[in-house]
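Single-structure report; data block below.
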Amino acid sequence: MSNRLFFVGMLLIFIGTLILIFSSILLALTNIGNVNVAGGALIMIGPIPILIGAGIPSVVLVFLIILMLTLMLLQLYLFLSFRKSSKSLEF
């Protein structure tokens, strides 16, 4: 059973990768004349996010991702610290 699930999972990943490759090639071939380029990147060094972006939409999107990641890390830290302190109170 687990071998079959592994095979199905790998097959889905492979099919998804092929769809992404073919759709990007198709998009590149249909929009040869009018191309707008925008992109962004997020580098996390510990708890410090570094934002690199070109184009307003990508900067806003990457900023929202940074905000969500920071809030999730804060929530995880508070959860783990509360869990650790509650275990020390038990007798």
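The values are calculated or read from the model by the stated rules, or taken from the named source; none is laboratory data. What you see is a predicted model; the values in this text were computed from it and never measured. In this analysis, Cβ positions are derived from the backbone assuming ideal geometry, glycine residues included, and neighbour counts consider all displayed protein chains.
Let me confirm something: among Ile50, Ile19, Ile66, Ile25, which residue is surrounded by 10 or more Cβ atoms within 10 Å (Cβ to Cβ) and at pLDDT 90 or above? Break it down into steps so the answer makes sense when it comes.
Details: Ile50 fails: at pLDDT 90 or above; Ile66 fails: at pLDDT 90 or above; Ile25 fails: at pLDDT 90 or above.
Step by step, each of Ile50, Ile19, Ile66, Ile25 is checked, and only Ile19 is surrounded by 10 or more Cβ atoms within 10 Å (Cβ to Cβ) and at pLDDT 90 or above.
I'd like the residue in region 6-56 that is β-branched (Val, Ile, Thr) and in contact (Cβ under 8 Å) with a residue 12 or more places away in the chain and, out of all such residues, is nearest to Thr70 (Cα to Cα). I'd like the intermediate steps shown before the answer.
Narrowing region 6-56 to residues β-branched (Val, Ile, Thr): 8, 13, 15, 17, 19, 21, 25, 30, 32, 35, 37, 43, 45, 48, 50, 52, 56.
Checking which are in contact (Cβ under 8 Å) with a residue 12 or more places away in the chain leaves us with 37, 52, 56.
On the way: Val37: 27, Ile52: 16, Ile56: 21 Å.
Here the residue is Ile52.
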